[in-house]
1. So, in segment 4-23, exactly how many residues are open to solvent by 10 Å² or more (accessible area, probe 1.4 Å), assigned to a strand (DSSP E or B) and either farther than 19 Å from Val72 by Cβ or among the hydrophobic types (A, V, I, L, M, F, W, C) (or both)?
2. What's the number of the condition Leu482 fails, among (1) closer than 24 Å to Tyr434 by Cβ; (2) open to solvent by 10 Å² or more (accessible area, probe 1.4 Å)?
3. Going through Val544, Val524, Val502 one at a time, which residue ends up being open to solvent by 20 Å² or more (accessible area, probe 1.4 Å), at pLDDT 95 or above and of a type in the set (A, V, I, L, M)?
4. So which pairs qualify, if the first residue must be in segment 178-192 and in a loop (DSSP other than H, G, I, E, B), the second must be at pLDDT 85 or above and β-branched (Val, Ile, Thr), the Cβ gap must be under 6 Å, and the two must be at least 6 apart or on different chains?
5. Could you tell me which numbered condition Arg207 fails, if it satisfies all but one of (1) in contact with a strand residue (DSSP E or B) (Cβ under 6 Å, 6 or more places away or on another chain); (2) at pLDDT below 70?
6. May I ask you to list the residues in segment 389-413 that are without any contact (Cβ under 8 Å) to a residue 40 or more places away in the chain, assigned to a loop (DSSP other than H, G, I, E, B) and on the phi < 0 side of the Ramachandran plot?
7. State which residue is nearest to Ala218 (Cα to Cα) when the search covers only segment 25-52 and only residues that are in contact with a Phe, Trp or Tyr (Cβ under 9 Å, 6 or more places away or on another chain) and open to solvent by 10 Å² or more (accessible area, probe 1.4 Å).
8. Scanning segment 75-91 for residues that are open to solvent by less than 50 Å² (accessible area, probe 1.4 Å) and farther than 14 Å from Phe39 by Cα, which turns out nearest to the chain's Cα centre (by Cα)?
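The values are calculated or read from the model by the stated rules, or taken from the named source; none is laboratory data. In this text the structure is predicted, and so the values were computed from the model without any measurement. Every residue, glycine as well, gets a Cβ built from its backbone with ideal geometry; the counts of neighbours run over all protein chains shown. Surface accessibility is based on the protein's heavy atoms, side chains included, excluding ligands, DNA and RNA. Shrake-Rupley method; radii C 1.70, N 1.55, O 1.52, S 1.80 Å.
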Amino acid sequence: MLRLLVTPAQGDSFELPLEGEELIVGRSSDCDLPIRDRFMSRRHARLFRQAEGWFIEDLGSRNGTLLDGSPVDAPKPISAGSEISLSSSLLRIEETNKPRSWPNSRQSNDQTIFRSASELLESQDTISPDDSASAEVLASHAGRLQILNELHQVLARSLTLDDLMNTFLERAFDLLQPEEAVIILRQPDGEYTRAARKAAPGYEEERLLSKTLVHQVAEQGQAALVLDVAEDQRFAEAESIVASGVRSLIAAPLADADGSIGMIALNSRLHRHQFSEADMELLTSLGAVAALRLRNLALAKEAAELHRVEHEVRLAREIQIGLLPDRLPDLPGYEIYGGSAPSQGVSGDFYEAVERTADDTCAILVADVSGKGISAALLTASLEALLAGPLEAGDYPDSICLNVSRRLLARTPAAKYATALLAVLTPASGRLVYTNAGHNPGLLVRSAGAVVRLDACGPPLGLLPEPDYTRRETKLEPGDLLVLYTDGITEAEGPDEEEFGVERLSSLCAELRRAPLPEVAEAVSSALDEFVRGVPFADDRTLVLLRRQAKEN
């Protein structure tokens, strides 16, 4: 039978039988094995049993899981002797009939010491001026606090990222007198790269740090003191470090409550300076200050970028509003209404109503481009430009759709297209000629309440090289209501993921077919809000209504 020897980042080590079918490990108290480790995810990893034996898998943790030093990117088998690293905590798998062999948070040999950075910081914060603390200890503690306070003040100034890191390295040089100092930062892809470096005059180019050191310090949250690199097997493959004469080395993580962002490492030749445990402890404190400032700077940069994007979205929305009709045609004997609401600041929907004096008709269009956000808004602007001339020229809807589709395909990527319903009304007779280019069915609500669907009669615009469009014809009788819309209305979802649907929209419009058009639009909006019950709208919503007025008795 197997057991777990658990060495948490905080608190005493303990033993746990490995039994049952699975064991969830994480920071949350709801886990089967909760561990006090601020760098661990709430649900970090899972140990589970299969026919072949026990396995370990990472549960999408922030800082990852390591099995015997290798990342766990898929379920991997474990057995007696396996060592699992979860942030700053360690799990060792052993047979129950063997004596315990505890991993120690203070790992050391004659030349190397690894200490939990969080424990170092906690121990340094617990010194109090009582009889048990010597004057020397209190003086050292006061000096460290003064150094940290000064560093806070220096780094609190408005600095760029490069200035902040260079200032920090200069202070580390003044205090610890290394020959070289480097800051390693974690990139978005998880790789670690050098972000800043400072070296003594005449010092050769940086020698690459070992992956082991990066793993122990940046990923595991441990401070490191190497008294003699040449005597530590961890650096056996780092020949350039040994050949350069580097012997003494200290490193500390750049980490806060949100996790590790990298590490700082200092090195020196023995004839220059050999670092001590006190130096390691001071560098750990300095690293905590630097991590806080670096994180704040990153948050400030993100806030500035968000502000810039929001500003651009507002401008784009203003431009887009300018593309929508500021007034709709005044058609004797008819009422007309149009409105659009974006889901992400800018919209991929578009509508238009244009009087065509050449043949005394009115062209009415509702379109919905693929995608959302800025890219959809740009495609909408392009579509509006392509349609502006043809809508006024007096062509039939199928001819307009064919020409616009070809031009849109030539100007945009293959994955970009638009659905549209274009109708041409002859107000005098009520004749309505339309082409539905892959759009949601238009709804023609008859005065008696029956609903006729104007279904698709061609593919979306810009989708095919040689699309085939047809035109169909119907008639608006007195009292009839035409409802054109985009799928943001019918595909709106509630908490149970049910869609609002065409049937609900049809029933609502049939019920309100005689109401003033703004009231119909408001009723649709209210019904949608009630249906989604707070679920954000995933798509833009556009509604165009046209009613032929009923004859007076």
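1. 5
2. Result: Leu482 passes all but (2).
3. Result: Val502 is the single residue among Val544, Val524, Val502 that is open to solvent by 20 Å² or more (accessible area, probe 1.4 Å), at pLDDT 95 or above and of a type in the set (A, V, I, L, M).
4. Gln187/Thr193
5. Arg207 satisfies all of (1) in contact with a strand residue (DSSP E or B) (Cβ under 6 Å, 6 or more places away or on another chain); (2) at pLDDT below 70 except (1).
6. Asp395, Pro413
7. Per the criteria, the residue is Arg27.
8. Ile84
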